[in-house]
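The values are calculated or read from the model by the stated rules, or taken from the named source; none is laboratory data. These numbers were taken from a predicted model, which means no experiment stands behind them. Cβ placement follows ideal geometry from the backbone for every residue including glycine, while neighbour counts extend to all protein chains displayed. When the accessible area is computed, the model is the full protein with side chains, heavy atoms only, and any ligands, DNA or RNA have been set aside. Shrake-Rupley method; radii C 1.70, N 1.55, O 1.52, S 1.80 Å.
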Amino acid sequence: MRDAYHEELDSISEGLVEMARLVGSAIGRATTAILDADLKLAENVIAADEKVDDLHRDLEARAIALLARQQPVATDLRIVVTSLRMSADLERSGDLAQHVAKLARLRFPERAVPRDLHATILEMGQLAQRLMAKAGEVIITKDVDLALQLEQDDDAMDLLHRTLFQHLMDDRWKHGIETAVDVTLLGRYYERFADHAVSVAKRVVYLVTGEHADEIASSTGVEGA
């Protein structure tokens with residue numbers, strides 16, 4: 001029974017990795033859809049989010065069943081509870097990728113992003129995808145140092161987000177209110193997606209060490225963590 005229990009824990013971890021892979025792919029494809037006004041790709045991203053939701057529901061059900069059957073304590077309890085929280089982070093990440101795709105669909109056949117902001121949005125999309133890929137790697141490796149790096153990596157997303165607002169507040173903005181709202185929403189979607197990737201990494205730190213990432217960063221003097 002104990003072997004079956006640990007196999008189930010491993011299976012939950014594998015499901016989290018698969019969710020991270022799916023939502024990372026989704027944000028990359030959604031970025032392409034928003035920049036290219038690709039309706040077919042946007043619809044694909046929107047429909048594919050159902051698989052992420054299904055995985056989330058399945059992981060949640062299995063984790064709750066484990067809690068009920070095994071009544072885990074100490075480290076095992078931490079694994080199950082933390083997995084539930086990571087699954088929720090990843091499910092919300094999928095929703096954010098879907099929001100980007102829905103905006104592409106809403107504005108089709110027009111492009112939601114002005115040409116002069118394409119490079120910034122592309123960079124935000126690529127960075128979001130890299131952050132989620134790293135979060136998935138952290139789930140697999142349980143590498144605390146790599147997990148702590150993610151928050152520092154997220155500083156680049158915050159900088160890109162500020163760059164968007166600088167464009168919006170510029171007196172030379174000529175793209176109108178509707179586009180300004182679209183760009184504001186997009187910036188928020190990417191920022192929140194990155195925050196969820198960081199949150200997943202922080203939860204792995206807690207899972208491995210029993211300490212919160214902020215406490216470890218403070219004790220080691222890691223700036224920005």
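Leaving out ligands, DNA and RNA, and with a 1.4 Å probe, what % of the accessible surface on the chain is carbon or sulfur?
The C+S portion of the solvent-accessible surface of the chain is 51 percent.
Say R0 is 25 Å: what FRET efficiency, to the nearest 0.05, do Asp116 and Ala47 get from their beta-carbon distance? Walk me through the intermediate numbers first.
Working: r = 31 Å, r/R0 = 1.25.
So the FRET efficiency works out to roughly 0.20.
Given H placed 1.01 Å from N in the peptide plane, which residues other than close sequence neighbours of Lys142 have an amide H under 5 Å from its amide H?
Correct list: empty.
Does the chain come out rounded, prolate or oblate by the C-alpha gyration tensor, with a ≥ b ≥ c the root eigenvalues, rounded set by a/c under 1.5 and, if not, prolate when a/b is larger than b/c and oblate if not?
oblate
When ranked by the protection proxy of mean other Cβ atoms within 10 Å per residue, highest first, what sequence do the peptides 41-52, 21-32 form?
Final packing ranking: 21-32, 41-52.
Mind counting lysine pairs for me in the chain? Cα separation below 16 Å, and the two need to be 8 or more apart along the chain or on different chains.
Values: Lys40/Lys102; Lys134/Lys142; Lys134/Lys202; Lys142/Lys202.
So the count of such lysine pairs works out to 4.
Note down the accessible area of Lys142, probe 1.4 Å, to the nearest 10 Å².
We get 70 Å² for Lys142.
What distance in nm separates the simple spin-label points at Thr75 and Lys174, each placed 7 Å from Cα in the Cβ direction?
If labels sit at Thr75 and Lys174, their model points lie 6.3 nm apart.
For a Förster distance of 45 Å, can you work out the FRET efficiency between the beta-carbons of Ala68 and Asp36, rounded to the nearest 0.05?
The calculated FRET efficiency here is 0.40.
Determine the calculated [θ] at 222 nm for the chain from helices alone, applying -39500 (n - 2.57) to every DSSP H run no shorter than 4 residues and normalising by the residue count; nearest 500 deg cm²/dmol.
Theoretical 222 nm ellipticity from helices: -30500 deg cm²/dmol.
To the nearest 10 degrees, how steep is helix 176-209 against the longest Cα principal axis of the chain, on a 0 to 90 scale?
The helix 176-209 is inclined about 20 degrees to the chain.
Can you tell me the accessible area per residue over the range 141-198, all protein chains present, probe 1.4 angstrom, in square angstrom?
With the other protein chains kept in place, the range 141-198 gives 54 Å² per residue.
Give me the angle, in degrees from 0 to 90, between the Cα long axis of helix 2-36 and the longest principal axis of the Cα atoms of the chain, rounded to the nearest 10.
Long axis of 2-36 versus the principal axis of the chain: about 0 degrees.
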